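So the structure is just underneath, and the comments pick up after that.
The values are calculated or read from the model by the stated rules, or taken from the named source; none is laboratory data. All values reported here derive from a predicted model rather than from experimental measurement. Virtual Cβ from ideal backbone geometry, glycine too; neighbours counted across all protein chains shown. For the accessible areas, the whole protein counts, side chains as well, though only heavy atoms, and no ligand, DNA or RNA atoms are used. Shrake-Rupley method; radii C 1.70, N 1.55, O 1.52, S 1.80 Å.
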Amino acid sequence: MKKYLLCLTMLVAVSITAKAQLSLGIKGGVNLSNINTDNLSSSNRTGYQAGVFARVGGGLYLQPELYVSGTGGDFHANDNSVSGHVSFTNLNVPLLLGKRFGTSGTNFRIMAGPVYTGVLSHSLSQSISDAYHDFGKYKSGTLGYQAGVGVDILGLTADLRYEGGLTQINESYGQRANIFSLSVGFKIL
């Protein structure tokens, strides 16, 4: 985690030195996650996210973020013999490239970029882990992508995004996370 904070600090310092436009803020929101898997049916779980963001640039901007999120999925066998869920607490580090449209008081944004997701902790239903060997052997981190739209009104900001997994969180069962998120933030600088 120290290296993520150091990277964010270095980016802010370089931006200030270059006299680029800079915004810092806090954000929080909800997400709807689903973990696709090869051998079981899956359904969505509602989660959360909260953290900080920086926005560097004018019309074209770079937006690094650091936030904690809660994600997961519900699973059941096709014959309904076994069901259960998994929950994750993650540290997410997206680096988004975006474009602004509009006036200085109100603008619309589009953005996309890579995201690293580090698993801080996870819990798995005993029924699933008993029935499917290696189901809960998750990687400590994965790579993915985010794409979305946003709006800024004065100091308030709101984003709607989709996140897809580029790497599997469990290769034995082909599990990948897919997440829709809605967040609201406040620029503090």
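From Leu62, Leu66, grab the single residue that is in contact with a helix residue (DSSP H, G or I) (Cβ under 6 Å, 6 or more places away or on another chain), in a strand (DSSP E or B), within 19 Å of Leu189 (Cβ to Cβ) and among the hydrophobic types (A, V, I, L, M, F, W, C).
Leu66 is the lone residue from the list that is in contact with a helix residue (DSSP H, G or I) (Cβ under 6 Å, 6 or more places away or on another chain), in a strand (DSSP E or B), within 19 Å of Leu189 (Cβ to Cβ) and among the hydrophobic types (A, V, I, L, M, F, W, C).
Show the residue pairs meeting these rules: Cβ distance below 6 Å; 6+ apart or different chains; first residue within region 82-107 and at negative phi and among the hydroxyl-bearing types (Ser, Thr, Tyr); second residue surrounded by fewer than 16 Cβ atoms within 10 Å (Cβ to Cβ) and assigned to a strand (DSSP E or B).
Matching pairs, first to second residue: Ser87/Ser123; Thr89/Leu120; Thr89/Ser121; Thr106/Ile153.
Between Leu32, Leu62, which is of a type in the set (A, V, I, L, M, F, W, C), open to solvent by 50 Å² or more (accessible area, probe 1.4 Å) and over 20 Å from Gln168 (Cα atoms)?
Leu62
Rundown of residues vs (1) of a type in the set (Ser, Thr, Tyr); (2) under 27 Å from Leu22 (Cα atoms); (3) more than 16 Å from the chain's Cα centre (by Cα); (4) assigned to a loop (DSSP other than H, G, I, E, B), yes/no style:
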| site | (1), (2), (3), (4) |
| --- | --- |
| Gly144 | no, yes, no, no |
| Val149 | no, yes, no, no |
| Asp152 | no, yes, yes, no |
| Leu160 | no, yes, no, no |
| Tyr173 | yes, no, yes, yes |
| Ala177 | no, no, no, no |
| Leu182 | no, yes, no, no |
| Leu189 | no, yes, yes, yes |
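Is region 93-110 home to any residue that is within 19 Å of Thr167 (Cβ to Cβ) and of a type in the set (Gly, Ala, Ser)?
Checked region 93-110: no residue is within 19 Å of Thr167 (Cβ to Cβ) and of a type in the set (Gly, Ala, Ser).
With the condition kept exactly as written, say whether any residue in region 103-121 is among the charged types (D, E, K, R) and open to solvent by 40 Å² or more (accessible area, probe 1.4 Å).
no
Any residue at all in region 76-86 that is at pLDDT 95 or above, assigned to a strand (DSSP E or B) and open to solvent by 20 Å² or more (accessible area, probe 1.4 Å)? Walk me through it before giving the result.
Taking region 76-86 and keeping what is at pLDDT 95 or above, we get none.
No, because not a single residue in region 76-86 is at pLDDT 95 or above, assigned to a strand (DSSP E or B) and open to solvent by 20 Å² or more (accessible area, probe 1.4 Å).
Which ones in region 143-172 are open to solvent by less than 20 Å² (accessible area, probe 1.4 Å), small (Gly, Ala, Ser) and farther than 21 Å from Phe88 by Cβ?
Of everything in region 143-172, just one residue is open to solvent by less than 20 Å² (accessible area, probe 1.4 Å), small (Gly, Ala, Ser) and farther than 21 Å from Phe88 by Cβ, namely Gly150.
Just name the residue that is least open to solvent (accessible area, probe 1.4 Å) out of those in region 123-134 that are touching a residue at least 40 places away in the same chain (Cβ under 8 Å) and touching a strand residue (DSSP E or B) at 6+ places or on another chain (Cβ under 7 Å).
So, considering only residues that are touching a residue at least 40 places away in the same chain (Cβ under 8 Å) and touching a strand residue (DSSP E or B) at 6+ places or on another chain (Cβ under 7 Å), the one least open to solvent (accessible area, probe 1.4 Å) is Ile128.
I need a count of the residues in region 102-134 that are modelled with pLDDT of 95 or more and not small (Gly, Ala, Ser).
Summing the residues that are modelled with pLDDT of 95 or more and not small (Gly, Ala, Ser) in region 102-134 gives 10.
Evaluate the following for Val56: is it under 27 Å from Ile169 (Cα atoms), at pLDDT 95 or above and surrounded by fewer than 21 Cβ atoms within 10 Å (Cβ to Cβ)?
Considered against the rule, which asks whether it is under 27 Å from Ile169 (Cα atoms), at pLDDT 95 or above and surrounded by fewer than 21 Cβ atoms within 10 Å (Cβ to Cβ), Val56 comes out as no.
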